[in-house]
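Every number here is computed from the coordinates shown, using simple stated rules; none is lab data. Computed from a prediction, not measured in an experiment: that's the story for all the values here. Methodologically, a virtual Cβ is constructed for each residue, glycine included, from the backbone with ideal geometry; neighbour enumeration extends over all protein chains shown.
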Amino acid sequence: MANGFNEMYEPLGGVRPHYQAFDRWLNSTPEAQIERRRREAEISFHRVGITFSVYGEESGNERLIPFDLVPRIVPAVEWRMLEAGLRQRVHALNLFLDDVYGEQRILREGLVPRALVLENSAYRQEMRGIRVPGGTWSHISGIDLVRAGDGEYYVLEDNLRVPSGVSYMLENRRMMARLLPELFSRQQIAPVERYPDALLEILREAAPAGIDNPVVAVLTPGSANSAYFEHAFLAQQMGVELVEGADLFVRDLSVYARTTRGPQRVHVIYRRINDEYLDPTVFRPDSLLGVPGLFDAYRAGRVTLANAPGTGVADDKSVYPYVPEMIRFYLSEDPILHNVPTYQLRREDDLRYTLEHLAELVVKEVHGAGGYGMLVGPASTKAEIEEFRLRILARPENYIAQPTLSLSTCPTFVESGLAPRHIDLRPYILCGKRIHVIPGGLTRVALREGSLVVNSSQGGGTKDTWVLEGGA
Amino acid sequence: MLCRTANDLYWASRHMERAENTARLIDVTRRMALLPERYDRGKAEAAPWRRALDALGIAEPVLARYGIIDADTVLKHLLLAADNPSSVFSCLRAAREAARAQRVAITAEMYEDLNTSWLDMRGTSWARIHGDGISNLLEWIKSRSASFRGVTIGTLGRGEGYHFLQLGAFIERADWAIRLLDIAGSPESHDGHESQDAAEYFRWSALLQSLSAFETYRRLYRESVSAERVAELMLLQETNPRSLLTCTHTLHQVLQTLAGGQAMEAVRRAGALSAQSRYARIDEVLANGLEAWLQDALARLSGLGDEIHRQFMVSTDIAQLAQTQAQNAA
């Protein structure tokens, strides 16, 4: 497999301009000292308890997401392009959601197949006709970007349901600033620390009309959830309550928290549980995580849910190929960020092509997430490919396929020293009265040599992401 | 504050206090087990260890489970047993889990402190304890408890969260003041033998030492160690930070703060308990039977615990619902 675009080094070995300050530091710092700081980082992450639990493993098995000391650096000019592209994309996705749950203009125009949207399992009938405050559906979005062989950025997928990982962005930065303060004085690195503040701002802006001083809460499935650390972290950083479903109840269409001083009204819920668990009286009746009556209160406009239920229909992998079309339709602009070319296996031609080229392609389940339910052709055995072929043939409409991109690499500390490893990037976008694009994001790195799967549940690590200000 | 948060904080500090007192209980028991056999009938049958279990009211289940009561069994059960919810292992785990669930309500330093304790405890094995010595482990447990208490006092804002942590710690400590007194044996079994006097002195001073209260005793009484004085120190002396009086007095104050002038059953109960230890006289208590007095205090403490739970940790709408249902059923 091709090694892909190297973020730090030019093809002939020279150091790219935006990595030169880091390279000088690397060369002038004794190896033992670097090793010491790497160990310090690990101990510190463990003590602070920044861990995640892995599904399918014994409960209470908390793992550390490996943190790598080499930052991913994005030059200012590149970031300006990315920022404009992310803003444009998230804006269009919100307009799309408002449309498909409202007038459905884009379906009537025939630009997106009607059935693809309306019969999608992520489309929430219950949301038809609901006007959400400010027209914002996806308040918090995470857009996954990758760079292919020529260094061009592509959007790999959109995350509009409950995107996670932002706590790692913040903690990685805190760790880098603590361990390597000298690097921050050599370069102008855009700060990401304002994220919790901006999040609180957009959540308060999303409050139902007429509430002067809205009470915000973060709704978590509980401490057994793999992202619990993040839920607690964000609630703490914003200074709001972290609640579980059982801490809330609904009376007369208002949502209350059970407190030591009796019931207290809640106006905005940043929910970190999936749609189907929100309210057992409307969605999954067996859910113990949600709040009975919550959806009625929401529909009555007495409480805001962020993100709104039903956003999943816009980030579904079967709808993804149509995002460029949405941008043209709603904004009359050309898309700044490109999609990865995608074969839709519900189409006969695409299906035939894919089945003939399984060994070269990446095939993904349209509703899958977290790197589960996908086939990376070039990295799979013949038997794995044949097994997957049967799964595709059973339900072709359930899959899409994309060319295997040779993701860009970044030098990473591994057993044998510094070596290139594949990375991606998830920037976070907050939508309120304005759209905030946080300068940076979460860079995930596939620690196994040659691996393209960066998910933390599959052995991925993370890096700090530096967006440079001005100059190179 | 959420009811669930109040409940978790209360139990986080209760569990840390329980771990510390379990260490002190083991400490005093080990000291007593040093007495030569002729001073302590039944020592060969591990009488001191049995008394330790009796003080906790768990001798029968432990015997049923392990088939034997000896030093190793009791130590394993009280320190390491994952299926004993009150073992030090389980206490540190429960405190850390509660703190993890309530990271938002406490300071980062408090969580990191409990997390460190738990990670170290999890890495401990019976073989390692044997290698390092039990004393080292007991010192470690006490210092972990002290560390959490110190970080809490030093970093947490004096709001509701702080008050619920206080409630948990002091209700647990009050309970142990009574139980630890129990373990040193009842003061009435006197038949005047010199060996018995020596044994009794040994036991009471072992108790004082394991509570770091020997110096306090000497300063306060300036006389030889006697059962009567030790009982007074443990129950009725405000200068002793672990006495029943200190604990119930603190509970009363904290509950008054939480009530903010409102009439509350929990405040009344804590006040009554506190007054009972403040105005009791040790000679009267002994004359009327110490055991009965202790049992009564234990029962009232437990009642206070239930009342705190009902007042703050059960949501009002559930309470109202239960009330309505009860009325409808009637």
(message) Contact order normalised by length for chain A, with contacts defined as Cα pairs under 8 Å and 6 or more residues apart; what percent is it?
(response) 24 percent
(request) Give the calculated FRET efficiency between B:Lys76 and B:Gln295 to the nearest 0.05, with a Förster radius of 25 Å applied to their Cβ-Cβ distance. (result) 0.30
(request) Search the structure for amide H atoms under 5 Å from the amide H of A:Leu361, placed 1.01 Å from N in the peptide plane, and list their residues when 5 or more places away or on another chain. (result) A:Gly377
(request) Just name one of B:Met16, B:Met110, B:Leu165: the one whose Cα is farthest towards the positive end of the charge dipole of region B:3-315 (beta-carbon charges, Lys/Arg +1, Asp/Glu -1). (result) B:Met110
(request) Post the alpha-carbon centroid distance, region A:149-183 to region B:274-292, in whole angstrom. (result) 65 Å
(request) Compute the relative contact order of region A:209-302 as a whole-number percentage, counting only Cα pairs closer than 8 Å that sit 6 or more residues apart in sequence. (result) 29 percent
(message) Projecting each Cα onto the charge dipole of chain A (Lys/Arg +1, Asp/Glu -1 at the beta carbon, about the Cα centre), which of A:His436, A:Phe67, A:Asn94 comes out farthest on the positive side?
(response) A:His436
(message) Nearest 10 degrees is fine. How inclined is helix B:134-155 to the longest principal axis of chain B, computing both from alpha carbons?
(response) 30 degrees
(message) Just to confirm the number: angle between the C-alpha axis of helix B:244-259 and the first principal axis of chain B, 0 to 90 degrees, nearest 10?
(response) 0 degrees
(request) Partner chain Cβ atoms within 10 Å, averaged over the residues of A:235-245 - can you pull that number for me? (result) 3
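How high is the relative contact order of chain B? Use alpha-carbon pairs under 8 Å, at least six apart in sequence, and give a whole percent. Don't skip to the answer; put the middle values down first.
Numbers: 348 pairs, mean separation 72.4, N = 330.
Dividing the mean separation by the residue count of chain B yields 22 percent.
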(message) Please compute, for the alpha-carbon atoms of region B:3-315, the extent along each of the three principal axes and give them in descending order in Å.
(response) 58, 49, 37
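Diagonalise the Cα gyration tensor of region A:87-209 and give the resulting equivalent ellipsoid semi-axes, square root of 5 times each eigenvalue, largest first, whole Å. Don't skip to the end; give the middle numbers.
Working: eigenvalues 251, 80, 27 Å².
Sorted largest first and rounded, they come to 35, 20, 12 Å.
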(request) Would you work out the charge dipole size for chain A about its Cα centre, treating the Cβ of every Lys and Arg as +1 and the Cβ of every Asp and Glu as -1, and quote it to the nearest 20 debye? (result) 860 debye
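Label region A:357-472 by shape, choosing from rounded, prolate and oblate, from the square roots a ≥ b ≥ c of the eigenvalues of the Cα gyration tensor; if a/c is under 1.5 it is rounded, and otherwise prolate applies when a/b is larger than b/c, oblate when it is not.
Numbers: a/c = 2.71, a/b = 1.44, b/c = 1.87.
Cα axes put region A:357-472 in the oblate bin.
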(request) Please give the net charge around B:Arg144, taking every other residue with its beta carbon less than 12 angstrom from that of B:Arg144, where Lys and Arg add +1 and Asp and Glu add -1. (result) -2
(message) Using a 10 angstrom Cβ neighbour count of at most 14 plus a DSSP loop assignment to flag exposed GluC sites (Glu not before Pro), which longest range of chain B is free of such sites?
(response) B:1-187
(request) Can you grab the distance from the C-alpha centre of region A:405-428 to the C-alpha centre of region A:282-321, Å, no decimals? (result) 36 Å
(request) Only Lys, Arg, Asp and Glu count, each charged at its Cβ (+1, +1, -1, -1), so figure out the dipole size of the protein assembly as shown about its Cα centre, rounded to 20 debye. (result) 920 debye
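Assuming a ≥ b ≥ c are the square roots of the Cα gyration tensor eigenvalues, decide whether region A:209-302 counts as rounded (a/c under 1.5), prolate (otherwise, with a/b larger than b/c) or oblate. Walk me through the numbers on the way to the answer.
Working: a/c = 1.63, a/b = 1.05, b/c = 1.54.
Here region A:209-302 falls in the oblate category.
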(message) Treating only the Cβ of Lys, Arg, Asp and Glu as charged (+1, +1, -1, -1), what charge dipole size does region B:3-315 show about its Cα centre? Round to the nearest 20 debye.
(response) 820 debye
(request) Using label points projected 7 Å from each Cα along Cα→Cβ, tell me how many nm separate A:Leu12 and A:Glu152, to one decimal. (result) 2.5 nm
(message) Looking at chain B, identify the longest residue range that excludes and avoids all trypsin sites (Lys or Arg not before Pro) in DSSP loops having at most 12 other Cβ atoms within 10 Å.
(response) B:42-157
(request) Per DSSP H run of at least 4 residues, take -39500 (n - 2.57); add these up for the protein assembly as shown, divide by its residues and hand me the 222 nm value, nearest 500 deg cm²/dmol. (result) -15000 deg cm²/dmol
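What do you get for trypsin sites (Lys or Arg not before Pro) in region A:240-283 restricted to DSSP loop and a cutoff of at most 15 other Cβ within 10 Å of the site's Cβ?
Counting only loop positions with at most 15 other Cβ atoms within 10 Å, the trypsin sites (Lys or Arg not before Pro) in region A:240-283 are A:Arg261.
Taking 22 Å as R0, compute the FRET efficiency from the Cβ-Cβ separation of A:His357 and A:Asn455 and round it to 0.05. Can you show the working numbers first?
Working: r = 24 Å, r/R0 = 1.10.
About 0.35, to the nearest 0.05.
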(request) Sort the protein assembly as shown into rounded, prolate or oblate with this rule: let a ≥ b ≥ c be the square roots of the eigenvalues of the Cα gyration tensor; rounded if a/c is under 1.5, and if a/c is not under 1.5, prolate when a/b is larger than b/c, oblate otherwise. (result) prolate
(message) Please list, ordered by chain and number, the residues whose modelled amide H lies under 5 Å from the amide H of A:Thr412; skip anything fewer than 5 residues away on the same chain.
(response) A:Ala419, A:Arg421
(message) From the phi angles alone, apply the Karplus equation (6.51, -1.76, 1.60; θ = phi - 60°) to region B:18-23 and give each ³J(HN,Hα) in whole Hz, x where the residue is Gly or Pro.
(response) 5, 4, 4, 5, 5, 4
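In a shell of Cβ-Cβ distance under 13 Å around A:Arg173, excluding A:Arg173 itself, what net charge do Lys and Arg (+1) and Asp and Glu (-1) give?
Working: positive: A:Arg72, A:Arg174, A:Arg178, A:Arg194, A:Lys463; negative: A:Glu171, A:Glu193, A:Asp464.
The answer is +2.
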(request) With label points built 7 Å along Cα→Cβ from the Cα atoms of B:Ser302 and B:Ser125, find their separation and express it in nm. (result) 3.9 nm
(request) Using label points projected 7 Å from each Cα along Cα→Cβ, tell me how many nm separate B:Phe214 and A:Ala115, to one decimal. (result) 8.7 nm
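Taking 2.2 N^0.38 Å as the expected size of a compact globular protein, what ratio does the Cα radius of gyration of region A:350-422 give against it, to two decimals? All intermediate terms of the calculation are to be shown ahead of the outcome.
On the way: Rg = 14.6 Å, N = 73, 2.2 N^0.38 = 11.2 Å.
With N residues counted in region A:350-422, Rg over 2.2 N^0.38 Å equals 1.30.
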(message) Among A:Ser416, A:Phe184, A:Val216, which residue has its Cα furthest toward the positive end of the charge dipole of chain A, with +1 on Lys/Arg Cβ and -1 on Asp/Glu Cβ?
(response) A:Val216
(request) Count neighbours as other Cβ atoms within 10 Å of each site's Cβ, and list the GluC sites (Glu not before Pro) in region A:74-119 that are DSSP loop with at most 15 such neighbours. (result) A:Glu103, A:Glu109, A:Glu119
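Taking R0 as 25 Å, what's the FRET efficiency between A:Ile385 and A:His338 from their Cβ-Cβ distance, rounded to 0.05?
Numbers: r = 28 Å, r/R0 = 1.11.
The pair A:Ile385/A:His338 has a calculated efficiency of 0.35.
Over chain A, consider all pairs of different Cα atoms and compute the Kirkwood hydrodynamic radius from their mean reciprocal separation; express it in Å, one decimal.
On the way: mean 1/r = 0.0427 Å⁻¹.
That comes to 23.4 Å for chain A.
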